[in-house]
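Everything below concerns the one structure shown next.
We did not get these values from a lab; they are worked out from the coordinates using the rules stated. Please read all numbers here as calculations on a predicted model, not as lab measurements. Please note: Cβ atoms are built from the backbone with ideal geometry, for glycine as well, and neighbour counts cover all protein chains shown.
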Amino acid sequence: MTLLVYQVFKTVADIGSFHKAADLLGLTPSAISHTISSMEKELGFSVFTRNKSGVTLTNYGEHLLPYVNAVLNSEESLKQAVSDVNGLKQ
């Protein structure tokens, strides 16, 4: 899985809507749906329960969320470290 997949997962989990997550991420709702479906296929289980009022995390999705958050936080820390190094070089 890519960092984009993790970001999509986290955004949908936080917002509870594929459409609103698409708006926030600058993607189409179809792209969000495809990304989550591909993720679920790769994992072998559903991470969201879909209903008319939006989506909620399944128990499996709830279990994965802290790990996804850790990956995304690590990416942000890496970006900051690179930025710090670049600042020192100048």
Restricting segment 1-84 to trypsin sites (Lys or Arg not before Pro) in coil, as DSSP defines it, with at most 12 other Cβ within 10 Å: 52
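Quote the relative contact order of segment 32-90 in percent (integer), defining contacts as alpha-carbon pairs under 8 Å separated by 6+ residues. Display every interim value, and only then the final one.
On the way: 22 pairs, mean separation 10.3, N = 59.
Computed over segment 32-90, the figure is 17 percent.
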Set Lys and Arg Cβ to +1 and Asp and Glu Cβ to -1, take the dipole of the chain about its Cα centre, and tell me which of 65, 32, 80 lies farthest positive. 32
With only alpha-carbon pairs counted, each pair once and no self-pairs, how large is the Kirkwood hydrodynamic radius of the chain in angstroms? 14.0
Stokes-Einstein diffusion coefficient for segment 1-41 at 37 °C in a medium of 0.692 mPa s, Rh from the Kirkwood formula over Cα pairs: what value in µm²/s? 339
Filtered pair list for the chain (Lys only, Cα < 24 Å, 8 or more apart or interchain) has a length of 8
